[in-house]
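Structure first, then comments.
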Amino acid sequence: MSMSSRRLSCLGPHGFHRMTYYEWAGPAGAPTVLCVHGLTRNGRDFDDLAQALTPHFRVVCPDVAGRGKSDWLIHAEDYNYPLYLADMVALIARLDVEELLWVGTSMGGLIGMLLAASSGNPIKRLVMNDVGPLLAKEGIQRIGDYVGKDPSFPSLEALEAHIRGTSAGFGALTDAQWRAMATHMARRGPDGTLRLAYDPKIADVFRTLPNEDIDLWAQWDAITCPTLVLRGAESDLLRPADAKAMTERGPRATLIEYPGIGHAPPLRSEDQISAVRNFLLG
């Protein structure tokens, strides 16, 4: 099943910005799955998952504002969850569906969680990939340490080596998967060198966060749809006790952990893909 790329104009506090999203049509009338990526990532992270889901689903994977091929925002303070939520609601309206299934990695999981906690929301099943309602300050600090820098690379090979280092938590990927990830994470800088395909200003919000865990349990407890939590056993963002608590309160999620993986399972291996597919099929 082939992928198409489209653009959508979204309204933020300081004007419009265009969001790119990728769509695999799936069978006629198939349920829609919306896959939303992590902080510095983009919608192409889900290529393998989308290909595996298309026999059963229509799959849509946006580049959140400031990432991938979506517009960068002029004002750094606009990179926040109210804007991300509004953009996703605009996308859902474009897709013309009354209900959908949500797969979110890290930041994308939080966006889904906040939507699923809202009354009258359209999310019928929710996958939270290595993120939960209590964000460990250690994980936030680690991410903040490398986000916001704007390194340049002389070649795609050098950029790939950088990604292999910062994304070691993804676990074992094939060389072809690392290369695809590097290709979709690359943009050409004004000086002709390769740079990472996200706006360094997305990190500005990290400088305003207090040095403590972030508690969103009230939102979690408001969720009622069936929920699946995936966790890398070595994750420093979603701790074991917090993941266990997610199975005991709120939607009482199903939990699957992956040994040897940190933050976050990349949803590219057959065991991870089949876990998501089986859950979404219900």
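Most simply put, the chain has about 50% antiparallel DSSP beta bridges, counting only bridges with both residues inside it.
Each residue, residue 225 and residue 164, gets one label point 7 Å from its Cα in the Cβ direction; the gap between the two is 3.8 nm. Dipole magnitude for region 223-282: computed about the Cα centre from +1 point charges on Lys and Arg Cβ and -1 point charges on Asp and Glu Cβ, it is near 200 debye.
As a calculated quantity, the FRET efficiency between residue 204 and residue 30 at R0 = 35 Å, using C-beta atoms, amounts to about 0.35. Looking at region 122-275, the accessible area is 44 square angstrom per residue; that uses a 1.4 Å probe and ignores ligands, DNA and RNA.
Of all DSSP bridge pairs formed entirely within region 141-282, close to 45 percent run antiparallel.
Compared with the alpha-carbon gap, the fully stretched path from residue 274 to residue 93 is longer by 62.3 nm at 0.36 nm per residue. Only helices enter this figure: runs of n ≥ 4 DSSP H residues, each worth -39500 (n - 2.57), summed and divided by the residues of the chain, yield -9000 deg cm²/dmol at 222 nm to the nearest 500.
The simple spin-label model puts a point 7 Å past each Cα toward its Cβ; for residue 248 and residue 218 those points are separated by 2.2 nm.
Note on the chain: dipole from Cβ charges, positive end direction compared against 243, 186, 263; the farthest Cα belongs to 186. Holding the Cα-Cα limit at 24 Å, pick out from 124/201; 137/244; 69/149; 69/124; 69/137 the pairs that are longer than that. Violating the 24 Å Cα-Cα cut-off are 124/201; 69/124; 69/137.
Model label sites at residue 188 and residue 256, defined 7 Å from Cα along the beta-carbon direction, differ in position by 4.0 nm. Here is the list for region 1-102: GluC sites (Glu not before Pro) lying in DSSP coil, each with at most 15 other C-beta atoms within 10 angstrom of its C-beta, are 98, 99. Cβ-Cβ distance of residue 119 and residue 155, R₀ of 41 Å, FRET efficiency by 1/(1 + (r/R0)^6): the value works out to about 0.20. Couplings for region 244-256, taken from phi via the Karplus curve 6.51 cos²θ - 1.76 cosθ + 1.60 with θ = phi - 60°, read 5, 4, 5, 8, 10, 9, x, x, 6, 5, 7, 10, 10 Hz in order; Gly and Pro are left as x.
The values are calculated or read from the model by the stated rules, or taken from the named source; none is laboratory data. Here the structure is a predicted model, which means the values were calculated and not measured. FYI the Cβ positions are ideal-geometry reconstructions off the backbone, even for glycines, and counts take in every protein chain you see. SASA here: full protein model, heavy atoms, side chains in, ligands and nucleic acids out. Shrake-Rupley method; radii C 1.70, N 1.55, O 1.52, S 1.80 Å.
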